[in-house]
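The values are calculated or read from the model by the stated rules, or taken from the named source; none is laboratory data. Model, not experiment: these values are computed from the prediction. Quick reminder, even Gly has a Cβ in these numbers, built from the backbone with ideal geometry, and neighbours come from all protein chains shown.
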Amino acid sequence: MKILGIFGAGRNGSTLLQRLLDSSPDVWMHPIDTNYVSIFNDLAHFGYARPRTTRNATLEPLRYIDERLPYGVLAGYYAYHDTEIHRNFADALDTAANAMERLAQRADFAIADFLPELLRASRQAYDRRDMAPGWFAFKSTEVGYIDYYQRLFPEMKFLHIIRDPLDNYRSLKRTMLRIRRPFYYLGDSAIEVFLEKRWLAHATHALRFLQDTPSRHYLIKYEDLIKDPTAAIRGFCAWIAIATPLAGGARQTVLGGKQIEKLQPNSSGSAAPSPQTVSADIAKELGYQEVAAPYEIALIDLRTAAWRRRLGYTTQDRGACAGLPLGFLLPSSEDLRSIGNPLRFAFHHFQRARYAASILLGIRKNVI
């Protein structure tokens, strides 16, 4: 079975990329985000998936992935995939099918077995095309565990999408502000989780594997995707040898090429609907305001400079870091709007300041 994984750090265009590829006749694109290896590890160890894991806020080694899990445990967690498909894409569905029910005949699964079976069952339940796709694809934000995927699925190919970390963080913070989550909602401060557990983890993995195993890894930058989606999609399709999606890869579809009458609201904005076609400047189109403080921008630029240069992004003048130490000393007005637990707020505020100091002093070096 040929599996394609689309990996992104979240809030970086991975859903857009997924939907632009969806209508290729050679691909079945599972429409729900599928974090898998770290979830399997949690289910084997704890019997449930921890919030830190579901929010991609950990890079802990996976020590329990050699165990087998009962169908009931896996179905208990992944049943929400069917629920979300029926809720989010009701206008594109012509069936009341359920993918998880198709796996009930198996008593248990090894980690290398369940993901392929989930993708196959998803296609059987929801794909109404006559042709059988050659590739089964899913999207994941488990960017810190790409090496596990590479070992567990030797034939799997990887499509990476990376966005300039400054804009990527702005999108994440805008979403957290909109849903009124405290800055430590992800487990640690949002900026530390974003940098260490997501963006840097992904950039490090992607750059290494693009060099070591280029036949299995392909990179699309978000900025290139929105500038010329047709060229970006066709370039990838030529690399992996699949047919170009309908409309040349410029229109979003789900469930094997089905048009969506109305996309879900963009989670970075208020109730603004997501555009059906690719927007070259979504921030301007939806009227976004700046949400990242100057000291946050300076910290991100300082921490990611080496990776950004390798990826072709520009970096700021080091003088921009002058106000960085003081910026994290006091909570911002945005922080104070969503305090949550006061003790946790105080603890994570101190930890965030300490993290910023470690970057400024050059103490923090390793990512993964």
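Listed values, structure above:
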read-out: Inter-residue pairs, beta-carbon under 8 Å, first in contact (Cβ under 8 Å) with a residue 60 or more places away in the chain and in the range 116-136, second assigned to a loop (DSSP other than H, G, I, E, B) and among the acidic types (D, E), 6+ apart; value: R128/D94; P133/D26; P133/D127; G134/D26; W135/D26
read-out: Test: residue in the range 137-144 that is farther than 30 Å from R208 by Cβ and of a type in the set (D, E, K, R); value: no
read-out: Residues of the range 135-187 classified as closer than 22 Å to Y313 by Cα, part of a loop (DSSP other than H, G, I, E, B) and either of a type in the set (S, T, Y) or at pLDDT below 95 (or both), total; value: 1
read-out: Hey, D26 in contact with a helix residue (DSSP H, G or I) (Cβ under 9 Å, 6 or more places away or on another chain), surrounded by 16 or more Cβ atoms within 10 Å (Cβ to Cβ), among the charged types (D, E, K, R) and farther than 11 Å from E142 by Cβ or not; value: yes
read-out: Test: residue in the range 91-102 that is of a type outside the set (G, A, S) and within 20 Å of the chain's Cα centre (by Cα); value: no
read-out: The lone exception for R87 - which of (1) surrounded by fewer than 16 Cβ atoms within 10 Å (Cβ to Cβ); (2) assigned to a loop (DSSP other than H, G, I, E, B); (3) modelled with pLDDT under 95 it fails; value: (2)
read-out: Residues that are among the small types (G, A, S) and under 20 Å from L207 (Cβ atoms), drawn from the range 1-28; value: G5, G8, A9, G10, G13, S14
read-out: All positions within the range 14-23 that are over 21 Å from R128 (Cβ atoms) and either surrounded by fewer than 23 Cβ atoms within 10 Å (Cβ to Cβ) or among the acidic types (D, E) (or both); value: T15, L16
read-out: Tally of residues being under 14 Å from G144 (Cβ atoms), in a helix (DSSP H, G or I) and out of contact with any Asp or Glu (no Cβ under 8 Å at 6 or more places or on another chain) across the range 43-66; value: 2
read-out: Given (1) under 15 Å from the mean Cα position of the chain (by Cα); (2) crowded, with 24+ Cβ neighbours inside 10 Å, number of the condition D167 does not satisfy; value: (2)
read-out: Pair list, Cβ under 7 Å, 6 or more apart: the range 291-315 residue more than 10 Å from P165 (Cβ to Cβ), other residue at pLDDT 90 or above and part of a loop (DSSP other than H, G, I, E, B); value: A293/S332; Y295/F328
read-out: Leading residue by the ranking (surrounded by the fewest Cβ atoms within 10 Å (Cβ to Cβ)) among those in the range 188-224 that are hydroxyl-bearing (S, T, Y), in contact (Cβ under 8 Å) with a residue 60 or more places away in the chain and outside any strand (DSSP E or B); value: T213
